[in-house]
Amino acid sequence: MTHDIRLGYLGFEVRSLAAWEPFAVDVLGLQVSGRDAQSLDLRCDDRATRFFLTEGRADDVTVFGWEVDDGPALDALVAHLRAGGVDLTAGTDEEARRRRVTRLVKLRDPAGHPLEVFHGGDRAPAPFASAKLVSSFVTGEQGLGHVVVSAPDPGRSMAFYRDRLGFRLSDRITCEIHGYPVDVTFFHGSPRHHSVAIGGPHRKRVHHFMVEVASMDDVGLAFDRALRSGVRITQTLGRHPNDRMFSFYAKTPSGFHFEYGWGARTVDDATWKPTTYDHISEWGHQPPEFLAPRDPRDALPSTTEKTHDHTTGSGGEVRRDR
Ligand SMILES: [Fe+2]
């Protein structure tokens with residue numbers, strides 16, 4: 001079956017909503033769409049809500065929301081999943097209201113991740129507004145962005161996303177990075193180059209989620225905001241060979257990563273030919289700790305100086321022995 005399926009929303013359970021709110025608004029450039037003592041809802045476009053955060057100990061993704069076009073598309077996918085032996089539960093009206101969608105069904109992928117497939121995302125009553133962005137987030141038919149999901153059995157997870165949910169192969173990257181083997185396969189269900197990628201197990205349910213902005217400057221501005229806010233940059237600015245995304249990676253307050261990108265190419269199923277790449281970046285995407293260390297002789301004239309490492313947010317001492 002061929003239908004469009006795209007990332008519609010994400011739910012996170014986070015240890016500190018108080019840490020997430022300024023991170024989401026001031027670093028990512030998202031807009032608060034709902035807030036109470038136990039929850040924080042965030043938007044990034046004309047949809048009512050795209051991120052559902054609750055406070056708790058998990059510090060992880062609690063739900064992946066996958067969107068199809070309409071009710072008949074949801075019915076067809078449900079029938080296909082049931083025929084494939086996938087356990088499904090219909091979401092209640094209350095659950096659909098909470099997600100701000102028309103209808104949803106709940107299921108788990110082979111890694112046990114909670115998924116919801118839905119249609120009919122509510123529109124927000126007012127246009128999206130961010131004090132941080134000079135452009136906008138790229139969503140629409142491409143959906144919210146992409147996720148690299150943890151998969152202890154990559155073969156089973158890939159078969160599930162492809163054969164059960166209907167994602168199509170985009171391409172694959174196999175290489176070695178800093179001595180570690182990397183083998184990631186990328187899948188699309190819409191013009192977005194990939195909405196889900198699978199490479200193996202991760203400490204959290206995702207390695208990262210990605211949001212895309214419509215201007216290169218917005219990536220640079222977000223990079224500066226991350227540095228100034230003490231957010232830990234995990235990969236510097238760089239460009240991927242497969243989706244052509246210009247992006248950087250950093251850690252969320254919950255420990256999983258985000259990618260902030262611009263300029264990705266889209267996929268047309270009529271002409272797309274999957275490729276295997278032997279490198280994960282054309283350039284850049286370096287861990288900051290691999291950059292040239294500062295020469296201690298450049299330090300200010302004192303025997304011991306306190307410094308602040310913007311990439312880790314931790315203070316350190318630089319000894320001047322020379
Ligand atoms: Fe990514």
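The values are calculated or read from the model by the stated rules, or taken from the named source; none is laboratory data. Note that the structure is predicted; figures quoted are calculated from it, not measured. Cβ placement follows ideal geometry from the backbone for every residue including glycine, while neighbour counts extend to all protein chains displayed. Just so you know, the surface numbers come from the protein's heavy atoms only, side chains and all, with ligands and any DNA or RNA stripped out. Shrake-Rupley method; radii C 1.70, N 1.55, O 1.52, S 1.80 Å.
How many of the residues making up segment 161-173 are of a type outside the set (A, V, I, L, M), open to solvent by 20 Å² or more (accessible area, probe 1.4 Å) and away from the ligand (no atom under 16 Å from the Cβ)? Even if it seems obvious, please write down each step before you answer.
Narrowing segment 161-173 to residues of a type outside the set (A, V, I, L, M): 161-164, 166-168, 170-172.
Filter once more, keeping what is open to solvent by 20 Å² or more (accessible area, probe 1.4 Å): 162-164, 168, 172.
Going one step further and asking which of them are away from the ligand (no atom under 16 Å from the Cβ), we end up with 162-164, 168.
The number of residues fulfilling the criteria is 4.
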Could you tell me how many of the residues in segment 265-288 are open to solvent by 30 Å² or more (accessible area, probe 1.4 Å) and either of a type in the set (Ser, Thr, Tyr) or touching a residue at least 12 places away in the same chain (Cβ under 8 Å) (or both)?
16
Before we move on, is residue 45 at pLDDT 95 or above, among the acidic types (Asp, Glu) and more than 20 Å from residue 261 (Cβ to Cβ)?
no
Check every one of the strands (runs of 3 or more DSSP E) wholly within segment 175-293 and list those with 2 or more residues that are farther than 26 Å from residue 59 by Cβ.
180-188, 233-239, 275-277
Pairing a residue in segment 13-36 that is farther than 16 Å from residue 129 by Cα with any residue that is in a helix (DSSP H, G or I) and open to solvent by less than 40 Å² (accessible area, probe 1.4 Å), where Cβ atoms lie under 6 Å and the two sit 6 or more apart in sequence or on different chains, gives 14/20
Somewhere in segment 75-96, is a residue on the phi > 0 side of the Ramachandran plot and open to solvent by 60 Å² or more (accessible area, probe 1.4 Å)?
yes
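Tell me the residue from 189, 140, 199, 121 that is closer than 21 Å to residue 265 by Cβ, of a type in the set (Gly, Ala, Ser), open to solvent by 10 Å² or more (accessible area, probe 1.4 Å) and more than 15 Å from the ligand (Cβ to nearest atom), please.
Exactly one residue qualifies, and that residue is 140.
Residue by residue, here is whether (1) closer than 30 Å to residue 106 by Cβ; (2) charged (D, E, K, R) holds:
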site	(1), (2)
134	no, no
157	yes, no
168	yes, yes
180	no, no
Inside segment 1-29, the number of residues satisfying the requirement of being in contact with a helix residue (DSSP H, G or I) (Cβ under 8 Å, 6 or more places away or on another chain), hydrophobic (A, V, I, L, M, F, W, C) and over 15 Å from residue 257 (Cα atoms) is 2
Considering each residue of segment 225-276, count those that are away from the ligand (no atom under 14 Å from the Cβ) and touching a Pro at 6+ places or on another chain (Cβ under 8 Å), and give that number.
6
I'm told residue 94 meets every condition in (1) closer than 17 Å to residue 143 by Cβ; (2) more than 25 Å from the chain's Cα centre (by Cα); (3) acidic (Asp, Glu) except one. Can you identify the failing condition by its number?
(1)
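Determine, yes or no, whether residue 223 is under 20 Å from residue 155 (Cα atoms), free of Cβ contacts under 8 Å to residues at least 60 places away in the same chain and touching a strand residue (DSSP E or B) at 6+ places or on another chain (Cβ under 8 Å). Explain how you work it out, then say what you get.
Values: under 20 Å from residue 155 (Cα atoms): no; free of Cβ contacts under 8 Å to residues at least 60 places away in the same chain: yes; touching a strand residue (DSSP E or B) at 6+ places or on another chain (Cβ under 8 Å): yes.
Criteria not met by residue 223.
Only one of 287, 293 is within 16 Å of the ligand (Cβ to nearest atom), modelled with pLDDT under 95, farther than 24 Å from residue 115 by Cα and not hydrophobic (A, V, I, L, M, F, W, C); which? Walk me through how you get there before you give the answer.
Values: 293 fails: within 16 Å of the ligand (Cβ to nearest atom).
Result of the check over 287, 293: 287.
If a residue must be aliphatic (A, V, I, L, M), closer than 24 Å to residue 133 by Cα and surrounded by fewer than 23 Cβ atoms within 10 Å (Cβ to Cβ), how many such residues does segment 41-68 contain?
Within segment 41-68, the first condition is being aliphatic (A, V, I, L, M), and the residues that meet it are 42, 48, 53, 58, 61, 63, 68.
Filter once more, keeping what is closer than 24 Å to residue 133 by Cα: 42, 48, 53.
Imposing the further condition that a residue be surrounded by fewer than 23 Cβ atoms within 10 Å (Cβ to Cβ) reduces the set to 48.
Qualifying residue count, segment 41-68: 1.
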Residues of segment 26-40 being buried (at least 22 other Cβ atoms within 10 Å of the Cβ) and either small (Gly, Ala, Ser) or in a loop (DSSP other than H, G, I, E, B) (or both), in sequence order, are 29, 30
